[in-house]
Amino acid sequence: MLCHLRLPKGKSMRGSGDDLENWFYQWSEAPAALPWRAFGRRVSSEEAQEEVYPGGTCYRLALRVLGMGSVNAPDVAQRVHEILLERGGCMAPDTILEYGSPLPRGDILEGIYLDDHLVLCVVDDKDLNNSEGPDRTLVAKSRRAYEAAPVRRAIDKAFGFSCTDDPSPRGAKRFTAWGTSID
């Protein structure tokens, strides 16, 4: 999708991105879903050699978190991330990058791919290194939304304005997002 971006002469793009740490595992399954999350062979309480299990009963391991391989897990992870950021004032309909949809026409483009949040801003070449702008504001809103949720960000995977709380960083001019290298 990002390969379709074309910038007019005199314009550049900068970007910021966040990755949520262990996003699928930050979500607990409902207790009623546990029987459907069981896997592996049955184990008797005697085999488990645990006194906490009543004798004569068999058990299976079960995930208490949203497993990445679950049929609906990607859809749930995507939508929950979208809602989290929408509630924080991000993901305006006219800025959203969405697979299969036309690119937004404005200078701010924002998208989510499961646990990755990307903010792009088209700026005049002379403003490329400016630490101010609507992208900076949007990243600040997303940070507040993550903190309020609370969800953990993978700080080591962040780039641009997202990589630090220091007010001086700039949006990245060179980065890779969603499998596309931007320079």
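The values are calculated or read from the model by the stated rules, or taken from the named source; none is laboratory data. Remember, it's a predicted structure, so these values are computed and weren't measured experimentally. Counting neighbours? That spans all protein chains shown, and the Cβs are built from the backbone with ideal geometry, glycine included. Side chains are part of the model used for accessible areas, which takes the heavy atoms of the whole protein and leaves out ligands, DNA and RNA. Shrake-Rupley method; radii C 1.70, N 1.55, O 1.52, S 1.80 Å.
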Filter the range 128-156 for residues that are surrounded by 14 or more Cβ atoms within 10 Å (Cβ to Cβ) and in contact with a Ser or Thr (Cβ under 9 Å, 6 or more places away or on another chain); the one that is farthest from GLU82 (Cα to Cα) is LEU128
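Open to solvent by less than 40 Å² (accessible area, probe 1.4 Å) and either more than 30 Å from GLY179 (Cβ to Cβ) or in a loop (DSSP other than H, G, I, E, B) (or both): does that describe GLY67? Give the derivation first.
Details: open to solvent by less than 40 Å² (accessible area, probe 1.4 Å): yes; either more than 30 Å from GLY179 (Cβ to Cβ) or in a loop (DSSP other than H, G, I, E, B) (or both): yes.
Yes.
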If you go through LEU109, LEU63, the only one that is more than 21 Å from the chain's Cα centre (by Cα) and either within 22 Å of PRO8 (Cα to Cα) or modelled with pLDDT under 80 (or both) is LEU63
Flagged in the range 75-106 as touching a residue at least 12 places away in the same chain (Cβ under 8 Å), assigned to a loop (DSSP other than H, G, I, E, B), surrounded by fewer than 16 Cβ atoms within 10 Å (Cβ to Cβ) and not small (Gly, Ala, Ser), in numbering order, are ASP94, GLU98, TYR99, LEU103
SER28 vs (1) loosely packed, with under 13 Cβ neighbours inside 10 Å; (2) modelled with pLDDT under 80; (3) out of contact with any strand residue (DSSP E or B) (no Cβ under 7 Å at 6 or more places or on another chain); (4) under 24 Å from ALA62 (Cβ atoms): all pass except (3)
